[in-house]
Amino acid sequence: MSRIGNKAITVPAGVEITIGAGNEVTVKGPKGTLTKKFSPLMEISVDAGVATVKRPNEEKHTKQLHGTTRALLASMVEGVHTGFVKKMKIVGIGYRAALSGNKLTLNVGFSHPVEFEVPSDVKVEVPDASSINVSGIDKQIVGQFAAVVRATKKPEPYGGKGIRYVDEVVRRKEGKTAAAKK
């Protein structure tokens, strides 16, 4: 029994779901259009503003696909309706970000600035030198780009310096001097 797979997806006003041949689902909304091809084993249906995903049998493989298919479809609906945003902040003296055209430039303690080409599906904003907002309609692409930017300089546990998500908690450690004072 898949608790996630059995949940119905409510389709908000202004969002249209069309199911094509071979389970190719297209979701159109105010923010844009997303298309994804799902497994032909899953039965996807849309009735009166509610989308459901059903599985044909109780095999392990189809059970696994059931919850995943429903979660991906729900993310597509949410993406074209409201979109996804990953907010990050940069902590450290002299650490800063800048955006010029479609290039994100980070100065995070290396001898050289680190540059990223912003994908066309993603919108990046730099409200101030120590914060970055990554937004878009595809949850996977937004999360992947944010993770790549964060991996440039992960937050370290001693000084707390690095790039972190706004809601991320970094566990701090005591340094060597704390043990020597005992």
Revision key, fill the gap. The size of the Cβ-based charge dipole (Lys, Arg +1; Asp, Glu -1) of the chain about the Cα centre, to the nearest 20 debye, is 1060 debye
Practice item. Pick out, from ALA13, VAL85, VAL27, the residue whose Cα sits farthest towards the positive end of the charge dipole of segment 1-119, with +1 on the Cβ of Lys and Arg and -1 on the Cβ of Asp and Glu. Key: VAL85
Practice item. Could you size up the charge dipole of segment 12-56 around its Cα centre, putting +1 on the beta carbon of Lys and Arg and -1 on that of Asp and Glu, and report it in debye to the nearest 20? Key: 180 debye
Study note, to complete from the structure: What helix-only [θ] at 222 nm does the chain give? Using -39500 (n - 2.57) per DSSP H run of at least 4, over all residues, to the nearest 500, the answer is -7500 deg cm²/dmol
Exercise for review: Filter the chymotrypsin sites (Phe, Trp or Tyr not before Pro) in segment 40-146 to those in DSSP coil with at most 12 other Cβ atoms within 10 Å of their Cβ, and list the result.
Suggested key: PHE110
Point to revise | Normalised contact order of the chain, rounded percent, pairs of Cα under 8 Å and 6 or more residues apart | key: 17 percent
Check your understanding: Roughly speaking, what is the centre-to-centre gap between segment 1-54 and segment 74-93 when only Cα atoms are used, to the nearest Å?
Key -> 21 Å
Review point. Taking the Cα centre of segment 4-82 as origin and charging only Cβ (+1 Lys, Arg; -1 Asp, Glu), how large is the dipole, in debye to the nearest 20?
Key: 180 debye
Point to revise | Where Cα atoms sit under 13 Å apart: lysine pairs in segment 1-124 separated by 8 or more or lying on different chains | key: 7
Point to revise | Among [x] -0.40; [y] -0.56; [z] -0.47, the entry derived from the coordinates for log10 I(q)/I(0) by the Debye sum over Cα atoms at q = 0.10 Å⁻¹ | key: [y]
Practice item. Tally up the carbon and sulfur contribution to the accessible surface of the chain as a whole percent, 1.4 Å probe, everything protein left in place. Key: 52 percent
Check your understanding: Which of the GluC sites (Glu not before Pro) across segment 77-182 are loop residues per DSSP, with 10 or fewer other Cβ within 10 Å?
Key -> GLU174
Review point. How much area per residue is accessible in segment 84-165 when the probe is 1.4 Å and only protein heavy atoms are counted (Å²)?
Key: 53 Å²
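The values are calculated or read from the model by the stated rules, or taken from the named source; none is laboratory data. As the structure is a computational prediction, the values presented were derived from the model and not from experiment. A quick note on method: Cβ atoms are made from the backbone with ideal geometry, for glycine too, and the neighbour counts reach across all protein chains shown. All accessible areas refer to the heavy atoms of the entire protein, side chains included, with ligands and DNA or RNA removed. Shrake-Rupley method; radii C 1.70, N 1.55, O 1.52, S 1.80 Å.
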